[in-house]
Structure formats: structure tokens, C-alpha cells
Protein chains: 2
Amino acid sequence: MISWKNLDTLAACGKLANVKKVNLAEAMTGENGAKRVEEYCVPMAANLKYNFAAKAVDGGTLEALQALADEAQLTEKYAALYNGEVINTGEKRRVLHQLTRGQLGEAVVADGVDKRAFYVGEQQKAAAFAKKVHSGEVTNAKGEKFTTVVQIGIGGSDLGPRAMYLALEQWAKQNDTLKMEARFISNVDPDDAAAVLKSIDVSRSLFVLVSKSGTTLETLTNEAFVKDALKNAGLDASRHMVAVTSETSPLAKSSDYLAAFFMDDFIGGRYSSTSCVGGVVLSLAFGPEVFERFLSGAHAADETAKNPDIMKNPAMLDALIGVYERNVLGYPATAVLPYSQALSRFPAHLQQLDMESNGKSVNRFGEPVSYVTGPVIFGEPGTNGQHSFYQLLHQGTDIVPLQFVGFKKNQAGMDVDIQGSTSQQKLCANVAAQIMAFACGKKDDNPNKAFAGGRPSSIIVGDQLTPEALGALLAHFENKVMFQGFCWNVNSFDQEGVQLGKVLAKRVLAHDTDGALKAYSDMLDI
Amino acid sequence: MISWKNLDTLAACGKLANVKKVNLAEAMTGENGAKRVEEYCVPMAANLKYNFAAKAVDGGTLEALQALADEAQLTEKYAALYNGEVINTGEKRRVLHQLTRGQLGEAVVADGVDKRAFYVGEQQKAAAFAKKVHSGEVTNAKGEKFTTVVQIGIGGSDLGPRAMYLALEQWAKQNDTLKMEARFISNVDPDDAAAVLKSIDVSRSLFVLVSKSGTTLETLTNEAFVKDALKNAGLDASRHMVAVTSETSPLAKSSDYLAAFFMDDFIGGRYSSTSCVGGVVLSLAFGPEVFERFLSGAHAADETAKNPDIMKNPAMLDALIGVYERNVLGYPATAVLPYSQALSRFPAHLQQLDMESNGKSVNRFGEPVSYVTGPVIFGEPGTNGQHSFYQLLHQGTDIVPLQFVGFKKNQAGMDVDIQGSTSQQKLCANVAAQIMAFACGKKDDNPNKAFAGGRPSSIIVGDQLTPEALGALLAHFENKVMFQGFCWNVNSFDQEGVQLGKVLAKRVLAHDTDGALKAYSDMLDI
């Protein structure tokens, strides 16, 4: 029997607060540090590893975290989720994104439809369509092949798919599987669409319109923008557009689209990269086989997340350490620092995933919670960040926990040997060095050159950023965020906080304003 | 006589802490809110405005902030800086980036050289070179014009120039002044350079190598990477490269470059966009006249920053409100939210500018401070962010102050009318709506749909993002960060926090490691 309780009502939470704190700098010094790097390492799906040696935890902390996991029933709640219970209580919806990549538990049937079969069916539709585009069976009116795919979507219909595309673009080029270049239009700022349209050959471009409801104002506006451009180029827009939407949306049966692919209300936008929201554009860009490999990595990570033993469940462990850092140690932010240029937009995706899921002040029953929930998430790729905001991370007055990601091999297969090492070796050397600099710091007689240390980090390490590794990485964070939401007892799957701005924006556009809102509207010449 | 004192030793700081707090939601409701929008608006350079109506301040707060500005001698310290005193005490350097765009005070002479004349001379050299490239006087070996300029640099040699380029790229296309497309290589990850090189015609590309010291490992590595590529394409690298460096660097007199342009130790990397670090690439991309317009906007903002009256000095006011939010109200982060796709990387630049300058724990005398200094800075363009992390900003458990930026007109001159309004109107309506939603919130019987409000923001508004407006915006934030550094009594112009990582990375590459550092190196196969 699952019971949904606030974090601060759990006995294990009180115990966790009283566990002896670890002196990280001390723990990571000498042979004990080496031992921690060996031992505090949990295998992940797709040959990734989650290494948390440089987190301020030890046997005592881990015991308390395991007790918290057990008492908070994290495993049972995850099972309830993937077995189809209505976990998104605010919107009265199931939460089924894991089913887009595999069957984890019981068959989930809704309105007489097996949902796994439904998602697989849509994925196969997308695969078949992509193959027709690649083979030239589906072409523009002149019979020319499409060379570019442009996703039109915002939020979850943009950040995840865009981050995934960028993550695999160079890998695909190197492995001769880049079928089409992808571009993305998201912002209602007309300069966004204008810039993309000026940079492509619209006559050879296929547009993927993504909106679950079919009513997202930004996306419909950008669709109209693109249709204008197609028309001005003398092209028939309906031969250049497909839709990704829900079966009940106004777009679903429209003749304006070459084809329509479906998701449903059980897939939240920020969790939709593995549904056809990501599937159509990624299958077109890389081929359906690559997308399937990506899904298999994600599914393997979902399976790993079932394990009730935190030392065998990296997503759960990562989540619990984050809760410890947030609620016991009181750190307000987390930085995500991939040492991989391919992951340049992965932090922006995680920013939505995490902050939109757990940036809540009420629990799943709508009652205010009396503890902090989701932290601010930000990040940029290393080594770039080292020459930017790392100064504050090393010597600022606040401690910011760090999530590193690194790979032994690069993607593009080009490298250069300078001063006795390759670029890739320099990249990896830097991430190793940073972890130790943050953890142990350095004494110096000049306080301006001293480093306090004690700044915790973990690292996810892989051989190479392949489609499987990317899928596993994505699902790891989705599951981490889910487990943290369970700990905080919030509903990680709604986003009521985005509504008020929409309502007020409509009032501004209808000139139905007064007071300060009218004054701002006047100032902006609306 | 200037005296450098810690913030918490100032009488005005104690008074500020005791000023009656403003109930923002109440203050912004009704006609009083409209009045605030009218009155709490300070003109900036280049026809921008700084509107702080939605900040939790009132007459009493402003009086206390003015007293703090006076007691902290912000105006006097700024004058000392632009008159050439050694403000960067840690590195014993003057701080002269403002001189790259205009003379603000006395002539600054160092080693017998008038520094303003020196910076103008280098800018003119860059302008003359750019004109030769544009006219075809400088070409590749085949006599073909260069079409692409590629900046190789990291940190301040990358983030600022890249953000500035992206900010004006569409404007320049629309105004027929895009002379060359620009690309940027920064990360030591070899996939970064590989991706850029695969996307351009190297035979028609001019590379700008930027390293003040001439020893930045990432940049030299990427230079070697590019030279390899040029060589493999049968090209003479020295006909495709220019250097931006200091006169004393090993690059300065090398025959490996077509030309060399100089900066000096008085220009910090993160403050170098208006020096030839930005000037060469931006003059090549947009033409020298556009770069001059950009400088004139920055200079006008620098002039405005001289005013001791905070109601006439937006940078100083912005700085002081930030200090109030950080040290009195206790907010740990600030989000930068430009409602302009052109400013997509402006937050990443500000992240470096702010966090590297003021993420310090010791004052300018090397003594630990007992108050918090620079906050975490993050941000993405609106409306994209609305569909991402705004959930946490609206309903999360922490309050994050917000810095909006918006323009009445777009850059590319393309737009579409949907549902009775243009994209640009929708964009502006959204920013107005967000400010009010954050400030006033909304009551609701369902606590999950309620918004507490009281979340402070300011907005910088302009007519259009022109070169002048961009220059003014850049200088505004540079000056804001400088004034905050004065308040916190830190040295905003050094970055000792980046050193330890470099030292340890070298040890890893030399295989001179033990303990945990060796274990991490092994794990990463270095």
C-alpha cells in the first residue's frame, strides 16, 4: 500500500539530517580518495557509470539515504507509475513516457487501447514515413528529395529534441547516418523563424509541427509564418508539413499535413523526447534505426531504475544525494557540466525537465510544503565553462553541487596531438582535475589564491556518446527528477505555474488591461 | 580620498537592512502600480530605458540605496578606474576597457603610451584590415574573397564576441551589412572544431586566433587543429590567419599570421568585447562602421554611469538593487531573460561577466568577507523560457529576481498576423504579462493554481536591437558588475579561481598523479 507523505514527516528524513557530515576534502585526500573513486561507482545502462566519490557522503549517509528511499517507497511509486496508475493527480493523468521505449511492468490499457502498442505503432509509422522520405518516395512537388527537416515547437517540443539532435549530429556524420539536417523554430519572436528560413532551402525542407493540444500559440504562429514563406516561394505548404499532436487535437485530421503522428495526454512535454515528439524529427535526421538504439538505451536505464538497492540504482541514488544537498546541506542550485560539445544544449533541456517538474511549493494534495523543493539548474559544456563561471563555483560564497558528464572517446574522429597529448586527453584531464580541485581545494598563504574545497560533484562517464548512451543519459535524469518529486511529495508532471502569464498575455493582446499591466503595454507599444 | 571598505562596515548598509520592506504585489496593484511604471523608469544610453517598477523598492529603499552609493563612493571609485588607477590590485593592473570606446576622464598614460590612442589605433588597424578583406585586396592564395570569419578563442575571447555577433547577425542581414558569416571555435573537445570545420569552406575562411597571453592551451590546440585542416586542404595556413593578442605575447611577431592586432593587460577577457578581441571579428562580419556604432552605444552608457544620482544612473541603480536583493533579501540567483532571439547567448556572456567578476570570497585586500557576494546568473530567451523553467520561477520555493530585456521592433522585418496580432506584439505582450504575473501573482481556491507573487523583476526596453543599443546594453551590465564589486569590496577584475584546475590538469597530462586524481585519470583512460 503506497502512502504519499511529505518529506519532513518521514522518520528517515529526520535521521538523515542528523547523520554525521562528511569532510569532503579530507575524504578525497590520499589513498582513501582513490578507494572512494573505486567504490563509489555505480554501473548505469549503456556502459555508463555514475561515480559519486566526490559527493559529501559516506557509509553512514548512504545508509540513511537507503532508509529514506525505503520509507518514501520510491520503488513502489515508480512501479505504480509504470503500471499505469494516475500519478499526475492534478491533471488526473497517467504518466507513461517510459512506455514509449519499453514495457516495464503490466500492460497499461486505457480506453481499451494497450498504450505500449499505441506508442510502438506511432513510432513505426514515423519510421516508415522517414524511410519514404529518405528513399525519395515522399518528395516535394518537383520530385526532389527533402534535405532538411525543421521542427516547429516550443518547450518540451523543442528543448529535448533539439538537445538530442545536437548530441548525435557529429556522431551521425561520422557514422554516415546523417540523412537530413535538422533545424528548430521555437520562439514567438519573428526573428527566430526568419533566421532559420533564411538559412535553408525551403523548397527542399520538411516541417514538423509539434503541439500536443494543437493550440500552442507560439507554435501556431510560427506555422503561419512558415506557411507564408512557403506560399511566397510558390510552394504548396501541405506537401511540406507533417504534424505531431494528440488524436483529439484540431491538427489530427487536417488535410494541411502530409501525415500526422500521435502522442497522448500521458506524455508530458518535457518527457516527450522518446515519443514521436522526438521520434519524427530524429528518425528523419538520423534514420529510424538510430532512433531505436536511442530508445533501447533509455529503456535499459528505466529497467535499472527499478532496483530498490540504491547502490544498484544510479538514478535513485543521484536523486537522494540531491535531496540531501538541497534539504539538509541547503544548497540552492545545481550546475550540469558536460565535457562534450555535443551536449551543448543538454543543460537547457535538463533545466526544463528539472525546474518545471519540481519547482513547486505545494504537495500532490495541493497543500503548501514547508521545505525547499527543486533547485535552480544551469550549465554549459566544459572546458568552456572553466573560462567563464567556474570562478564563482570555486571561490564564490555559495556552494553549488556539480554534475559532470564525460566520455573517453570523441564523436567526430578528428584530433590533434599538441604538447604531448590529444585534444580529447586534454578534455578528460580537465574534468578529472576539476573534480579534485572542487573537492580538495588548495591552501595558500595568499587567501585570494586559496581554494576552500568541499564543493561536491559527481560524474557520469561513458566510452562515447552513442545513441544508446544518450538514451540512457536522458532517462537517468528523467528518473532522477521523478524520484526527487516522490521524495518531495510534489506532482512532477503538471505545470500550473505557466498558466497565469498566458492568461495575462491574452488580456494584453485584447487590450483588456488597466493599472500597471496597461502601463507596461503602453511602454512596449502593444 | 577613496577608502575601500567592506559592505558590512558601512553605516548605510545597516540602515538599508532596516528599511521597511515593500509588499511588491500590493505596490503593483491598481493605479499605484501604473504610477510606479511611469516613475520608476530611468533613461539609458541609446534610447533604452531601465524600468524597475516591479522591484521591491520604494522611496525609502531608494533613499537608503543612494546613501549606500554615496558612502561606498561608487562614483569616485569609477572615476579612479577610468582615470587609470590600479584598481585590479591582485594583479596590479589598471582596468581600462572603457577606454576602448571613449575617453571618460583624464588621459591615461602607461609606459609613455596614451592608452586611448593605443586602443583607437588598434581599432583603426582592424577597420583597415577588414576593408581590405571586404574589397578583395586581401584574399586567399587563389585570389578569391574570404566569405567566412572563424574566431578561435575561449572564455572572454569567445562568449562576448559570439553573443554580440548573434545579436546583430539578423539586423545586419536586414540592413545589407553582413559582409562575412562568423563562426566560433572554443572548446578543447575536438568535436567542436570538427563540427565548425565541416560546416564551412576552409579555403574561403579567415581565422582569428585570440589569446591575450598567447599561451591559452585550448586556443593553441584549436589553432593546431585548424592548421592541420588547412594543410590537409592544400592551403597555406599563414594566409588564412590573423592574431589578436598582447604585444608581448609569442604570437605578436610571428610570421604565421597575416596580421596581428593588440590588446593589453588592462583589458580583462570578459570585458574585451569592445577591444580588438571583439573588434576584429565584428568588423570583418559587419563592417567597421557597425562596430563603431556599437562602441558609441557603449561609450554613451559609460558616460551615464558617471552620474552620482542613482535615479539618473541605471547601471548604479541596477547594481544597488541587486546588492539589496542578495544581501538583505537573501536571494541566491538572478535570471536574465531577453525577449529577443538575437540575444540567445547574451545570458551566457553575462554569466561569465558577472560570476567570474564577483564570485569571490575575499575582499580586495585578500581578507575573507562575511557576507555573500555574486549570485548565480542564468537565463534563456523568452518566450522559450516560459515553456521551460518559468514554472519554478513562478511557483518554486526560492525567489529568483529577474532581469527582462525587450524591444518594440524586431530585427529581420518579417512578421505574420495571427489571431489579431503580430508575432512581435505577442512577444511584447508576453513580457508585460510575465512581469505582472511575477509581481502580483493570483489567488486561487486551488493552491496548486495559486501564485504567491512578490517575485521582483526589472526590464530594459528599447525600440530595436541596433548596434548602439547592443553597445549600451553590454556596457550597462559591465558597469553594473563593477559597481556591485565596489559595494562588496571585491576585486572584480582578477580570476584566481580558475588556476587550480589548470595546474591539476597539467599534472594529469604529465601522468604526475596519485590518489583520487590518479583514479579519476584511470577511469577516463587518460
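Screening the stretch B:436-452 for residues that are part of a helix (DSSP H, G or I) and in contact (Cβ under 8 Å) with a residue 12 or more places away in the chain and picking the one that is surrounded by the most Cβ atoms within 10 Å (Cβ to Cβ) gives B:M436.
Listed here are the residues, each with its yes/no results for (1) of a type outside the set (D, E); (2) in a loop (DSSP other than H, G, I, E, B); (3) within 26 Å of A:Q434 (Cα to Cα); (4) in contact with a strand residue (DSSP E or B) (Cβ under 9 Å, 6 or more places away or on another chain).
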residue: A:P347; (1), (2), (3), (4): yes, no, yes, yes
residue: A:Q351; (1), (2), (3), (4): yes, no, yes, yes
residue: A:E356; (1), (2), (3), (4): no, no, no, no
residue: A:K360; (1), (2), (3), (4): yes, yes, no, no
residue: A:F365; (1), (2), (3), (4): yes, yes, no, no
residue: A:S370; (1), (2), (3), (4): yes, yes, no, no
residue: A:T373; (1), (2), (3), (4): yes, yes, no, no
residue: A:P381; (1), (2), (3), (4): yes, yes, yes, yes
residue: A:G385; (1), (2), (3), (4): yes, no, yes, yes
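Residues in the stretch A:195-242 that are free of Cβ contacts under 8 Å to residues at least 60 places away in the same chain, farther than 30 Å from A:V498 by Cα and outside any helix (DSSP H, G or I): A:S199, A:I200, A:D201, A:S205, A:A233, A:G234.
Of everything in the stretch A:162-184 that's in a helix (DSSP H, G or I) and either under 18 Å from A:L220 (Cα atoms) or touching a His at 6+ places or on another chain (Cβ under 9 Å) (or both), which residue is farthest from the other protein chains (Cβ to nearest Cβ)? So that I can check it myself, show each step before the final result.
Taking the stretch A:162-184 and keeping what is in a helix (DSSP H, G or I), we get A:162-174.
Narrowing the set further to residues that are either under 18 Å from A:L220 (Cα atoms) or touching a His at 6+ places or on another chain (Cβ under 9 Å) (or both) leaves A:162-164.
Working: A:R162: 10, A:A163: 12, A:M164: 16 Å.
Applying the filter and picking the extreme gives A:M164.
Can you spot a residue in the stretch A:328-342 that is touching a Cys at 6+ places or on another chain (Cβ under 9 Å) and either surrounded by fewer than 24 Cβ atoms within 10 Å (Cβ to Cβ) or at pLDDT below 95 (or both)? Checked the stretch A:328-342: at least one residue is touching a Cys at 6+ places or on another chain (Cβ under 9 Å) and either surrounded by fewer than 24 Cβ atoms within 10 Å (Cβ to Cβ) or at pLDDT below 95 (or both).
A residue that is touching a residue at least 24 places away in the same chain (Cβ under 8 Å), within 30 Å of B:E38 (Cβ to Cβ), more than 7 Å from chain A (Cβ to nearest Cβ) and assigned to a helix (DSSP H, G or I) occurs nowhere in the stretch B:453-465. Within the stretch A:359-378, how many residues are more than 7 Å from every other protein chain (Cβ to nearest Cβ) and crowded, with 24+ Cβ neighbours inside 10 Å? Residues meeting the conditions: 2.
Among the residues of the stretch B:404-420, those that are at pLDDT below 95 and not in a loop (DSSP other than H, G, I, E, B) comprise B:D417, B:I418. So which residues in the stretch A:380-390 are farther than 13 Å from B:P375 by Cβ and at the interface with chain B (Cβ under 7 Å from one of its Cβ atoms)? Within the stretch A:380-390, A:E380, A:P381, A:T383, A:N384, A:Q386, A:H387, A:S388, A:Y390 meet the criteria.
Results for (1) farther than 30 Å from B:D8 by Cα; (2) crowded, with 20+ Cβ neighbours inside 10 Å, shown as yes or no for each residue.
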residue	(1), (2)
B:F493	no, yes
B:E496	no, yes
B:K506	yes, no
B:A516	yes, yes
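Taken over the stretch B:1-38, the criterion of being farther than 20 Å from B:G322 by Cβ and acidic (D, E) is satisfied by B:E26, B:E31, B:E38. Is it fair to say A:K21 is more than 30 Å from A:V120 (Cα to Cα) and either of a type in the set (K, R) or in a strand (DSSP E or B) (or both)? So A:K21 passes the test.
Do we have A:D318 as more than 14 Å from every other protein chain (Cβ to nearest Cβ), among the charged types (D, E, K, R) and either crowded, with 24+ Cβ neighbours inside 10 Å or outside any helix (DSSP H, G or I) (or both) here? The answer is yes for A:D318.
Conditions (1) assigned to a loop (DSSP other than H, G, I, E, B); (2) more than 28 Å from B:E496 (Cα to Cα), marked per residue:
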{"site": "B:S3", "(1), (2)": "yes, no"}
{"site": "B:G33", "(1), (2)": "no, yes"}
{"site": "B:A56", "(1), (2)": "yes, yes"}
{"site": "B:A64", "(1), (2)": "no, yes"}
{"site": "B:T75", "(1), (2)": "no, no"}
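Can you confirm whether A:G84 is more than 19 Å from A:D318 (Cα to Cα) and within 23 Å of the chain's Cα centre (by Cα)? So A:G84 fits the description; yes.
Take B:D236 and tell me if it is buried (at least 20 other Cβ atoms within 10 Å of the Cβ) and of a type in the set (D, E).
no
State yes or no: is B:Y324 more than 9 Å from every other protein chain (Cβ to nearest Cβ), surrounded by 24 or more Cβ atoms within 10 Å (Cβ to Cβ), within 18 Å of B:F52 (Cβ to Cβ) and touching a residue at least 60 places away in the same chain (Cβ under 8 Å)? Taking the combined requirement at face value, the residue satisfies it.
Restricting attention to the stretch A:42-56, the residues that are within 12 Å of another protein chain (Cβ to nearest Cβ) and over 16 Å from A:F407 (Cβ atoms) total 2.
For the stretch A:487-499, check the following and say yes or no: at least one residue is free of Cβ contacts under 8 Å to residues at least 12 places away in the same chain and more than 30 Å from B:C41 (Cβ to Cβ). Checked the stretch A:487-499: no residue is free of Cβ contacts under 8 Å to residues at least 12 places away in the same chain and more than 30 Å from B:C41 (Cβ to Cβ).
With respect to (1) within 13 Å of chain A (Cβ to nearest Cβ); (2) not in a helix (DSSP H, G or I); (3) not polar (S, T, N, Q), the lone exception for B:D192 is condition (2).
Here's the yes/no breakdown for (1) surrounded by fewer than 19 Cβ atoms within 10 Å (Cβ to Cβ); (2) within 14 Å of another protein chain (Cβ to nearest Cβ):
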{"residue": "B:T215", "(1), (2)": "yes, yes"}
{"residue": "B:T219", "(1), (2)": "no, yes"}
{"residue": "B:H240", "(1), (2)": "no, no"}
{"residue": "B:T274", "(1), (2)": "no, no"}
{"residue": "B:F291", "(1), (2)": "no, no"}
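Taking the condition under 20 Å from the mean Cα position of the chain (by Cα) and of a type outside the set (F, W, Y), does A:L68 pass? Spelling it out, it is not the case that A:L68 is under 20 Å from the mean Cα position of the chain (by Cα) and of a type outside the set (F, W, Y). Scanning the stretch B:428-435 for any residue that is farther than 24 Å from B:A172 by Cβ and surrounded by fewer than 24 Cβ atoms within 10 Å (Cβ to Cβ) turns up nothing.
For the stretch B:479-501, name all the residues that are more than 8 Å from every other protein chain (Cβ to nearest Cβ) and either assigned to a helix (DSSP H, G or I) or in contact with a Cys (Cβ under 6 Å, 6 or more places away or on another chain) (or both). Explain how you work it out, then say what you get.
Step one: list which residues in the stretch B:479-501 are more than 8 Å from every other protein chain (Cβ to nearest Cβ), which gives B:479-490, B:492-493.
Result: B:N479, B:K480, B:V481, B:M482, B:F483, B:Q484, B:G485, B:F486, B:C487, B:W488.
With respect to the conditions (1) crowded, with 24+ Cβ neighbours inside 10 Å; (2) in a loop (DSSP other than H, G, I, E, B); (3) without any contact (Cβ under 8 Å) to a residue 12 or more places away in the chain; (4) of a type in the set (A, V, I, L, M, F, W, C), A:L392 lacks only one, and its number is (2).
The values are calculated or read from the model by the stated rules, or taken from the named source; none is laboratory data. Remember, predicted model here, so these are calculated numbers, not experimental data. Using ideal geometry, Cβ is built from the backbone for each residue, glycine included, and neighbour counts are taken over all protein chains shown.
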